[in-house]
Every structure is written in structure tokens, then in C-alpha cells.
1. Take K116 and tell me if it is of a type in the set (K, R) and either modelled with pLDDT of 90 or more or not assigned by TED's automatic domain parsing to the domain that holds R55 (or both).
2. Suppose we filter D25, D81, D21 for residues that are outside any helix (DSSP H, G or I) and touching a helix residue (DSSP H, G or I) at 6+ places or on another chain (Cβ under 7 Å); which single one remains?
3. So in the stretch 21-55, with the set limited to residues that are touching a Lys or Arg at 6+ places or on another chain (Cβ under 9 Å) and loosely packed, with under 14 Cβ neighbours inside 10 Å, which one is modelled with the lowest pLDDT?
4. Can you find a residue that is surrounded by 14 or more Cβ atoms within 10 Å (Cβ to Cβ), in a helix (DSSP H, G or I), modelled with pLDDT under 95 and hydrophobic (A, V, I, L, M, F, W, C) anywhere in the stretch 259-271?
Amino acid sequence: MKLTARLFNADCLVAMTKLADESVDLIAVDLPYGVSVEAWDKIIPMDKMFGEFRRILSPTGNIVMTAQGRFSAALIAAAPDLYCYSMIWAKTRKTQHLHKDYRVLAQHEDVLVFAKGGMGNNAKVHPTYNPQGLTELDKPVTSRNSLNKDTFYKLSGPSAQRGRNQTHTNWPTSILFFPSVGAKEKVKGKGNAPQTQKPVALMDYLIRTFSNEGDTVLDCTMGSGTTGVAALQAGRHFIGIEISPRFFENTEARLRAAAPDADFDIRVGAAPIERSTTSLLAEVMERKRAEYRAFKEREKAAKTAA
């Protein structure tokens with residue numbers, strides 16, 4: 001299967017209007033949380049964003065977002081009919097050290113799951129779900145509880161019987177243990193995406209859980225491109241949108257290196273442009289050399305002035 005990567009260097013609310021109805025199977029995104037003064041950390045208007053999400057998401061598709069604190073609450077409140085449940089990413093790195101005298105340190109982020117069809121056995125349309133790490137039982141079993149059958153069905157609905165039939169064990173829970181991005185994984189260099197980079201292993205787990213091979217995954221604020229790397233390496237098509245030209249160039253190079261055999265469609269604004277992997281890498285290297293020369297010149301000038 002030939003994978004495709006469509007990359008937009010544009011405002012996500014504009015670029016998403018170019019996508020066809022129900023053409024995306026998974027929206028996996030690490031949105032700006034709006035908690036810093038950085039220029040990139042501006043909350044996207046949620047009514048417009050969820051309006052596009054509803055239009056482009058397939059009937060069995062999922063929306064998976066990382067979030068935290070009040071931002072999590074705001075996302076849920078913006079689309080309560082789509083909201084299904086939350087998971088917790090338990091990180092290995094603590095944050096909020098500057099506020100340690102006034103609050104606990106933070107060592108987790110929320111992972112919010114939204115879908116069109118609802119959740120559980122009574123959902124009208126079951127969204128894609130591929131639980132990871134299951135262990136098959138030697139023989140099927142039926143789970144038991146303290147309620148008699150009639151009471152159980154009255155409370156849970158007749159379709160709940162399916163959930164009582166067990167052929168596997170080691171079902172995933174709502175706590176996700178993945179190490180924070182370390183020095184080796186961190187995308188380095190001036191002009192690279194912000195320090196909120198997520199680990200590839202986490203995004204790989206979410207992509208494999210909430211989409212199928214050959215599906216299309218969208219990240220509308222792709223930053224360093226981690227979601228795209230995980231999607232392409234897991235055999236999914238990828239659509240990435242990034243408004244910052246500075247971030248976009250380096251992220252495109254990262255994605256081409258991760259999936260050299262994929263077909264890339266690059267668009268600035270809404271217009272496609274032709275650019276090969278070789279020419280892009282040459283542009284990036286020349287810019288890096290120019291930055292280094294400018295740094296050495298400033299260093300020399302500072303020594304002369306001293």
C-alpha cells in the first residue's frame with residue numbers, strides 16, 4: 001500500500017475546509033492549551049473547530065486530544081454530544097516547578113476521546129476500537145456480577161450480554177504509562193516546534209487503538225510532526241496542518257525522513273507546491289549553515305568589543 005502525506009502550511013480552520021466530508025478516520029491532535037505567552041499557544045475557536053471536525057470525521061471515526069486542566073473541561077463542554085471518555089497519560093517528567101510553593105507538581109495529561117456514534121454496547125454506531133496488548137484465554141468465559149439477569153439487562157440493556165462474554169484478558173485501562181520525551185527523541189534546533197512535543201510511542205498507541213491500517217489520520221496543529229511520524233510508520237495515511245512556516249519546514253523534513261516511500265502533497269495556504277525530499281533537505285541544511293555563520297560572526301564581534 002502506497003501511503004500519502006498531505007501537508008498544509010496554513011491556518012487549520014482554512015485548510016480543513018479543503019477536506020472532503022467524512023474523509024478522516026481519526027483526528028489525533030495536541031492542540032495549543034493556551035497556558036503560556038508563546039505566540040503559538042493560542043486556543044483555536046472551538047465552535048469553528050468542532051464544526052469542521054463533525055463534517056470531516058467518518059461515521060466510525062474518533063477524535064483523540066491531549067489536554068489538561070481547564071482546557072480539558074472547555075473541550076468537553078464545547079462538544080458534550082461527541083465526548084465519550086477520558087484517559088490519563090502518566091508522564092515520567094514533572095512540570096509546574098515554578099509554582100511548587102502553591103500547588104502540586106503536574107505529572108499527567110488528559111487524553112480525551114470523542115466520537116460521532118457514542119460509546120459502549122448501546123452506541124448507535126460503534127467507533128473504531130482496537131484494544132492493544134490483549135492475551136487470548138484458553139477457553140471463553142462469561143463474567144459474573146451480583147445482579148440477576150433481568151436486573152442486569154434492565155440497567156445495562158440487552159446488548160450488554162456481549163460485554164460479559166470474555167475471550168481475552170489484559171484489557172487496556174484508562175491509565176497510559178509512556179515515558180516523557182527524552183533528550184534522544186526531542187526534536188532539536190532553532191525553528192523546531194515547541195517544547196510540548198509528545199512521545200512517538202504514545203501517539204503510536206493511540207493511532208493503533210483508534211484507527212485501522214490504511215485509514216486517514218489528521219493532525220490539524222502538527223507542530224513537530226510526531227503524530228505524522230507515528231501514523232505513517234503504522235501504515236496510515238496522514239494529513240498534517242501547521243500554521244507556522246518556521247515549524248512547517250523542519251516538520252516536513254522529519255516526516256520525509258520517517259516515511260521516504262510515501263507520496264507527499266505539500267500545500268502553502270491552499271495552493272500545492274512541488275518540492276522533493278532532496279531539495280527540502282538541502283534548503284534546511286543551507287539555512288542551518290547560515291544560522292551557524294551568523295552565530296559565529298556575533299561571537300567574533302562580541303570578543304572584539306570586549
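1. yes
2. Step by step, each of D25, D81, D21 is checked, and only D21 is outside any helix (DSSP H, G or I) and touching a helix residue (DSSP H, G or I) at 6+ places or on another chain (Cβ under 7 Å).
3. In this case the residue turns out to be V35.
4. no
The values are calculated or read from the model by the stated rules, or taken from the named source; none is laboratory data. All figures in this text were calculated on a predicted structure; none of them were measured in a lab. Note that we place each Cβ from the backbone using ideal geometry, even for glycine, and neighbour counts take in every protein chain shown.
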